[in-house]
1. I want to confirm something. Restricting to the range 238-277 and keeping residues that are crowded, with 17+ Cβ neighbours inside 10 Å and among the β-branched types (Val, Ile, Thr), which single residue is farthest from Ser213 (Cα to Cα)?
2. Could you identify the single residue in Tyr159, Tyr117 that is at pLDDT 95 or above, aromatic (Phe, Trp, Tyr) and either in contact with a helix residue (DSSP H, G or I) (Cβ under 7 Å, 6 or more places away or on another chain) or outside the structural domain of Gln59 (by TED's automatic domain parsing) (or both)?
3. Taking the residues in the range 94-119 that are among the hydroxyl-bearing types (Ser, Thr, Tyr) and buried (at least 24 other Cβ atoms within 10 Å of the Cβ) as candidates, determine which candidate is nearest to Lys189 (Cα to Cα).
4. Show the residue pairs that are 6+ apart or on different chains and have beta-carbon atoms under 7 Å apart, the first residue being within the range 27-38 and under 12 Å from Ala68 (Cα atoms), the second being part of a loop (DSSP other than H, G, I, E, B) and not small (Gly, Ala, Ser).
5. Say whether the condition of being more than 23 Å from Thr181 (Cβ to Cβ), modelled with pLDDT under 95 and in the same structural domain as Leu160 (by TED's automatic domain parsing) is met by at least one residue in the range 45-66.
6. Would you check which residues across the range 28-46 are surrounded by 19 or more Cβ atoms within 10 Å (Cβ to Cβ) and either among the hydrophobic types (A, V, I, L, M, F, W, C) or within 19 Å of the chain's Cα centre (by Cα) (or both) and list them?
7. Checking the condition crowded, with 21+ Cβ neighbours inside 10 Å and either within 30 Å of Val121 (Cα to Cα) or out of contact with any Phe, Trp or Tyr (no Cβ under 6 Å at 6 or more places or on another chain) (or both), which residue from Glu191, Glu150 passes?
8. Look through the range 90-118, keep the residues that are among the charged types (D, E, K, R) and part of a strand (DSSP E or B), and return whichever of them is nearest to Gln252 (Cα to Cα).
Amino acid sequence: MKNVYALLLLLGIFSHSFGQEVIVGWVFPDGTPDLIADVGIPENLDKEIATFGETGDIQFKNGFTSMAAQATDWDAGNMTKGWEVSFTTAGYSNLTISSKQSSGGGDPGPRDWMIQYKTVVTDWADIPGSGLTVLNDWETGVLADLILPESCNDEDLVYLRWIMVSDTSSSGQLVEPSGKTKIDDIYIKGENSSDISDLSISEPLKTWPNPCSGILFLETQKKISEALLFSSAGHLVKSFDHDIDQIDVSSQREGMYILQLLLDDGSRTQTKILVRR
């Protein structure tokens, strides 16, 4: 029964039209480029880009429109070297990624790449459709709004990495220690779940306080038989099935939730709940 209600809820949520916004981005402006995110929501503006696998230090060179991050020492890096970022997606879903990569001309860097992701509860996995060929230009190694897996939605921390998947350089030879590769215009976008409209169906529902950090009080004209708390991505995170005139959300992380109540006459009602500390 819960799966049926969850499906109905998701159908209601996704029948609405949402607009994406940049959750985090690295564009390396001309002025003072650094490793820290240049755009995004406040929670992500301290996030940094890094390399892994003992590459050379990151420098800032000419990019697609402004500067780009560049590094060397990619030799023997198949499945062990790459670029990496992390960020929060709490309160966001329907995520996409965009990025641009370029290889050195006189010092050709790695040609073959894949983007992988992980969360605090999943290990590294390939993102479908993210295989890239990177050449000495800013057109070949481009991703444009590639959809991220649903398991990245509404997470406290998501990791992404651009990983070498061969030791072949953009010239077709083995990558040398002097080989250079650049990355630029990284954007992670998503839909803010606070844009979801209230979805009350049949029965008026009062909740207070909202936003809430502890006990949330409920009031309807009919007896509540069960309460279901869904994340903004539509995942059931908690249920309550007795003495329901209040629920405790103190153990939930900050963000937007959908509270759905099942009433004793078989009807249901639901609304948004914002958890804050």
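The values are calculated or read from the model by the stated rules, or taken from the named source; none is laboratory data. Please read these numbers as outputs of a predicted model, since none were measured by experiment. Cβ: placed from backbone, ideal geometry, glycine included. Neighbour counts: every protein chain shown.
1. Thr269
2. Values: Tyr159 fails: either in contact with a helix residue (DSSP H, G or I) (Cβ under 7 Å, 6 or more places away or on another chain) or outside the structural domain of Gln59 (by TED's automatic domain parsing) (or both).
Result of the check over Tyr159, Tyr117: Tyr117.
3. At the first step, the residues of the range 94-119 found to be among the hydroxyl-bearing types (Ser, Thr, Tyr) are 96, 98-99, 102-103, 117, 119.
Next cut, buried (at least 24 other Cβ atoms within 10 Å of the Cβ) only: 99, 102-103.
On the way: Ser99: 12, Ser102: 22, Ser103: 25 Å.
Among residues in the range 94-119 that are among the hydroxyl-bearing types (Ser, Thr, Tyr) and buried (at least 24 other Cβ atoms within 10 Å of the Cβ), the one nearest to Lys189 (Cα to Cα) is Ser99.
4. Filtered contacts from the range 27-38: Val27/Asp38; Pro29/Asp38; Leu35/Ile49; Leu35/Ile58.
5. Start the filter on the range 45-66 by keeping residues that are more than 23 Å from Thr181 (Cβ to Cβ), which leaves 45-46.
This time we only want the ones that are modelled with pLDDT under 95, so: 45-46.
After this cut, where a residue has to be in the same structural domain as Leu160 (by TED's automatic domain parsing) as well, the list is 45-46.
Checked against the condition, which is being more than 23 Å from Thr181 (Cβ to Cβ), modelled with pLDDT under 95 and in the same structural domain as Leu160 (by TED's automatic domain parsing), the range 45-66 yields at least one hit.
6. Of all residues in the range 28-46, those surrounded by 19 or more Cβ atoms within 10 Å (Cβ to Cβ) come to 28, 33, 37, 40-41, 44.
Phe28, Ala37, Gly40, Ile41, Asn44, listed by residue number.
7. Values: Glu150 fails: crowded, with 21+ Cβ neighbours inside 10 Å.
None of the other options fit; the residue is Glu191.
8. Taking the range 90-118 as the starting set, the residues that turn out to be among the charged types (D, E, K, R) are 100, 107, 111-112, 118.
Next cut, part of a strand (DSSP E or B) only: 100, 112, 118.
Values: Lys100: 37, Asp112: 41, Lys118: 21 Å.
My answer is Lys118.
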